[in-house]
Amino acid sequence: MSRKWKIAVLMLTVLALISGCLGEKPVLEELGEDGKGKIKVLYYDESNFYREYGNYFNVKFPEIEFEVISTSEMYANQEGPVDYKAEMKKFLDKHKPDVMFLDKEVFGEYAQAGKLYNLDAVIAQEKFDLEGYMPGIIDLIREKGNGSIYGLTPSFYTNVMFYNADLFKEHGIEPPRNKMSWQEVIDLSSRFANIGSGEDQIYGMYEEYGQADQVLRKIASTSSLQLFDAKGEKLLIDSDGWKNAIKTTADAIRSKAIYVNPPRNRGDGPVYMPNDDNKFMSGKAAMIMQGPWYMNQLKNRKMYTQNAKDFDWGIVTLPVDPASPDTSADVYLNEIYAISADSANKRAAWEFIKFVNGPEVAKAASRTLDGRIPTRNQFFKEVDGKSMEAFYMLKPKDNDKSYWDDKVPMEFYEPFGQLQTEALQAIIDNKKTVDEAVAELQQKGEAALIKAREEEKARKAAEQAKSGSTSEKASGEATEGTDTK
């Protein structure tokens, strides 16, 4: 090697050593030597925050203080329908938290509006592990941020299909499997329709709380059917997709392949089955769709259901769309943690988000069965010897506006729900054909949409007048106080 090359190699070595000693300049300024910091955090309420995250975080970072802003304040003194998203935006603008606690929809809007801090650089520099996340979660977060990561979520929520393995075995019926279509589930369920009678009747699929409209909503969501056009101005219920979903629902309920609660009158409120009438817990239903919290119910079934039976159970995925068998519209991200773009405490905020989304918290959360599932999938492996693979098998499908649309007035949904229930029942009772009932539902639904817009306009005008009156009163009181002085 020539002397020139030796000098060049020596210089590169020295530069490498200097770089290693000095270290790469951090994307975010480090905490001070005393480790002190302060974070304003948005959460449900202060006590829950400390119980779930704050106390554990302070063991690691005892000098970082929290100011917890409770979202329950949003609903204080609210009367009538509440526009959650609008109220959340006003709430965030008012309190300006360092760490925001957002659902998927608001998160996407804030990320694209430049209100959140881009985490890509700090994640790369600190080599924060994203590989341990459930497949599809990070992809969906990136999609909401136009390709960048603006937040992370420690948990998600989804349902699975629980089944009574003993019932299937007793009657010589093959148990359900992962990634079945709705028609396959209905066909399987129908095999129980003629087993037993009266109090000894055995049911296939059991809808514990909902009615026919709830079954329809699940089937429609699986197929990614949209209830409104892109502008939220026109109903799309009178379409082939919706007609097929409605026919599938009505046929399944009429044939008793799916058991639902009897119809109820408007204003009766939700139906909650009495303790002694839970057909799945009492061994009279073969399948039910529920979340992870239901495993606690099964463990302690005799506390909740008077005539509960012991039986072996298993879980499989919810029904899927055959056109997209690896995805589900039933995967919800309701706890995305993000840092405000204008936060002055980004390093402390990042340390908190990093901790909440780390393996230690995921491991602890895997033992709670409170309804939330850790997004890190290496810990929640089995419960009572049963595989939890079904919870992680389907990637999330972005289907925010299949039924609820923020362009549609809140005043629309209750009357339309009643119209939809009546239409479904007419089809189930063979009083109307699918085409007749859907055409009428389209017409009445659009009339309800027009009326809802008028009611929304009146409500907003009243809110504005009330707000103006309150402002004038506050201004008058301030002036009076000044005059007195």
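The values are calculated or read from the model by the stated rules, or taken from the named source; none is laboratory data. Note that the structure is a prediction, hence the values are computed from the model and not measured. As a convention, Cβ positions derive from the backbone with ideal geometry for all residues, glycine included, and neighbour counts pool all protein chains shown. These area figures cover heavy atoms from the full protein model, side chains too; ligands, DNA and RNA do not enter into them. Shrake-Rupley method; radii C 1.70, N 1.55, O 1.52, S 1.80 Å.
Taking amide H positions as placed in the peptide plane 1.01 Å from N, state which residues far from VAL383 in sequence (5 or more) or on other chains have amide H under 5 Å from it.
Placed amide hydrogens put MET388 under 5 Å from VAL383.
By how many degrees, 0 to 90 and rounded to 10, does the Cα axis of helix 346-356 deviate from the longest principal axis of the chain?
It is inclined by approximately 40 degrees.
Find the accessible area per residue for the range 309-460; the probe is 1.4 Å, ligands and nucleic acids are left out, and the unit is Å².
Working: 6790 Å² over 152 residues.
Here the residues of the range 309-460 average 45 Å² of exposed surface.
Rounded to a whole number, what % of the accessible area of the chain do carbon and sulfur atoms account for, probe 1.4 Å?
With neighbouring chains kept in place, the figure for the chain is 50 percent.
Note the angle between two axes, namely the Cα long axis of helix 434-484 and the longest principal axis of the Cα atoms of the chain, as a number of degrees from 0 to 90, rounded to the nearest 10.
Approximately 40 degrees, to the nearest ten.
Arrange the peptides 351-359, 152-160 so that the one whose residues have, on average, the most other Cβ atoms within 10 Å appears first. Before the final figure, lay out each step's value.
Numbers: 351-359: 19.6, 152-160: 22.4.
In decreasing order of mean packing, 351-359, 152-160 become 152-160, 351-359.
Treating only the Cβ of Lys, Arg, Asp and Glu as charged (+1, +1, -1, -1), what charge dipole size does the chain show about its Cα centre? Round to the nearest 20 debye.
Approximately 1160 debye in magnitude.
With a ≥ b ≥ c the root eigenvalues of the C-alpha gyration tensor of the range 281-355, is it rounded (a/c under 1.5), prolate (a/b larger than b/c) or oblate?
oblate
What distance in nm lies between label points placed 7 Å from Cα along the C-beta direction at ILE138 and ASN118?
Distance between the two pseudo-spin positions: 1.8 nm.
Checking the table LYS36/LYS115; LYS25/LYS96; LYS234/LYS256; LYS247/LYS284; LYS309/LYS381; LYS115/LYS451 against a 30 Å threshold on Cα-Cα, which pairs fail?
From LYS36/LYS115; LYS25/LYS96; LYS234/LYS256; LYS247/LYS284; LYS309/LYS381; LYS115/LYS451, over 30 Å: LYS234/LYS256; LYS115/LYS451.
May I have the convex hull volume per residue, in Å³, for the Cα set of the range 331-449?
Spread over its residues, the Cα hull of the range 331-449 gives 191 Å³ apiece.
Testing the spin-label approximation: label points 7 Å from Cα along Cα→Cβ at ILE450 and LYS25. State their distance in nm.
It works out to 6.3 nm between the two label points.
Cut-off under 19 Å on the C-alpha distance; same-chain residues fewer than 8 positions from LYS169 excluded. Which aspartates and glutamates are left, in chain and number order?
Result set, ordered by chain and number: GLU184, ASP187, ASP200, ASP310, ASP312.
Where Rh is the Kirkwood radius over the Cα pairs of the range 196-235, the temperature 25 °C and the viscosity 0.890 mPa s, what D in µm²/s does Stokes-Einstein return? Present the calculation step by step, with values, prior to reporting the outcome.
Details: Rh = 12.9 Å.
Using the Kirkwood radius from Cα pairs, D works out to 190 µm²/s.
Restricting the calculation to Cα positions, tell me the Rg (one decimal) and the Dmax (whole number) of the range 122-209 in Å.
Radius of gyration, then largest Cα-Cα span, for the range 122-209: 21.1, 66 Å.
Taking only C-alpha pairs under 8 Å that are 6+ residues apart, what is the relative contact order of the range 180-249 in percent?
About 23 percent, as a whole number.
Ranked highest first by the average count of other Cβ atoms within 10 Å around their residues, in what order do 189-199, 249-259, 422-432 fall?
The packing order, highest mean first, is 249-259, 422-432, 189-199.
Subtracting the Cα-Cα distance from 0.36 nm times the residue separation, let me have the gained length for ALA465 to ASN334 in nm, one decimal.
Numbers: separation 131, 0.36 × 131 = 47.16 nm, distance 3.33 nm.
Extra length available between ALA465 and ASN334 comes to 43.8 nm.
Which log10 I(q)/I(0) values, to two decimals, does the chain give at q = 0.08, 0.11, 0.14 Å⁻¹ under the Debye formula with one point per Cα?
-0.63, -1.08, -1.48
Mind checking the full-extension length gain between GLU126 and ASN58? Use 0.36 nm per residue of separation minus the Cα-Cα distance, one decimal, nm.
Going from the current span to full extension adds 22.4 nm.
Using Cα-Cα distances under 8 Å and only pairs 6 or more residues apart, what relative contact order does the range 337-411 have, in percent?
Relative CO of the range 337-411 lands at 15 percent.
Subtract the Cα-Cα distance of LYS85 and ASP277 from 0.36 nm times their separation in residues, and report this length gain in nm to one decimal.
Additional length available on full extension: 65.4 nm.
In degrees, nearest 10, range 0 to 90: what is the angle between the Cα axis of helix 3-22 and the longest Cα principal axis of the chain?
60 degrees
Return the Rg/Rh value of the range 323-365, two decimal places, where both radii are evaluated on C-alpha atoms and Rh is the Kirkwood radius.
We get a ratio of 1.16 for the range 323-365.
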